[in-house]
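Have a look at the structure below, then the notes.
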Amino acid sequence: MHKKIFLFSFLLLVIQNSFAQKEKVLNLPNFDKPLFHYGFYLGLNKNDFKVAYKPTTITTNPEVEVEASVGFNVGLIADLRLHNNINLRFEPGLISNTKTLRFKHIANENEGTREAGNTYLHVPLIFKFSTNRLNNVRPYVLSGISYDYNFSSNEGNQDDNFSGEFRQKSSNFMYELGIGMDFYLPYFKFSPSIRGIFAINNELKYDNRSPSAWTDPIDFMGTRGIFIHLAFE
């Protein structure tokens, strides 16, 4: 009986020691030491508009309903190590998504519905604040600002909502916040994150003449959304 207990204890000790050794094996142990490194990212997004209203003589109850579809984002990564736990990242890329706007205060459904199919050049500068590495994982948070150029804004179009054309400003500024995790794999680092993006300026291009039931009631219209961001470095 004592021999069996001794043998069982010995086997447990061997198994425990084996797992402990495996935990100590670090993938890419020198990955974070260089001053610069590069990568790319892919992801999905769902962006809509935050809408704020102002007093108008057109309607007493303005309401714009925004329906967002899932879009995609893709881009490159350039990472500068500022400190063991702080990195500055430049992540230029493209963001594409479509939003359907329903101006509920306009009785005619056809006149009150507009579609905004947007493709942005997204140029962010982001600070990445990481914890110390724990084996092959490393949590982090993100914070930054970006310049976004909307290729499909229609800003230069002389036609406005009276001709069926919804217009936005081409140049916009955003800030973004996020949280994620670095996973150190044998051949590369995989870094998924969830990010929120929020417009700083009013993106709406007002109609050429007033009163306009589409744009006069709106004081602010700015992008807000969520990204699923998958980085490979």
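For the Cα trace of region 122-171, dividing Rg by the Kirkwood Rh returns an Rg/Rh value of 1.38. Under the convention that each Lys and Arg Cβ holds +1 and each Asp and Glu Cβ holds -1, the size of the dipole of region 35-232 around its Cα centre is about 920 debye. Peptides 131-137, 61-67, 142-148 ranked from most to least packed, by the mean per-residue count of other Cβ atoms within 10 Å: 142-148, 61-67, 131-137.
Taking a sphere under 15 Å around the Cβ of residue 179 and counting the other residues whose Cβ falls inside, with K and R at +1 and D and E at -1, yields a net charge of +2. Take each peptide in 77-85, 46-54, count the other Cβ atoms within 10 Å of every residue, and average; sorted highest first, the result is 46-54, 77-85.
Neighbours of residue 55 by Cβ distance under 14 Å: Lys/Arg scored +1, Asp/Glu scored -1, total -1. Within the shell defined by Cβ-Cβ distances under 15 Å, the residues around residue 139 carry a net charge of +3, with Lys and Arg each +1 and Asp and Glu each -1. Reported to the nearest whole Å, the Cα centre-to-centre distance from region 91-112 to region 152-168 is 12.
Calculated translational diffusion coefficient of the chain (4 °C, 1.567 mPa s; Stokes-Einstein with Kirkwood radius over alpha-carbon pairs) equals 62 µm²/s.
Roughly speaking, what is the centre-to-centre gap between region 132-146 and region 39-76 when only Cα atoms are used, to the nearest Å? Computed from Cα coordinates, the inter-centre distance equals 27 Å. Peptides 166-174, 202-210 ranked from most to least packed, by the mean per-residue count of other Cβ atoms within 10 Å: 166-174, 202-210.
Bear in mind that the values in this text are calculations on the coordinates, not laboratory data. It should be emphasised that the depicted structure is a prediction, and the values quoted were computed from it without experimental measurement. Glycine also receives a Cβ, built like all others from the backbone with ideal geometry; neighbour counts cover every protein chain displayed.
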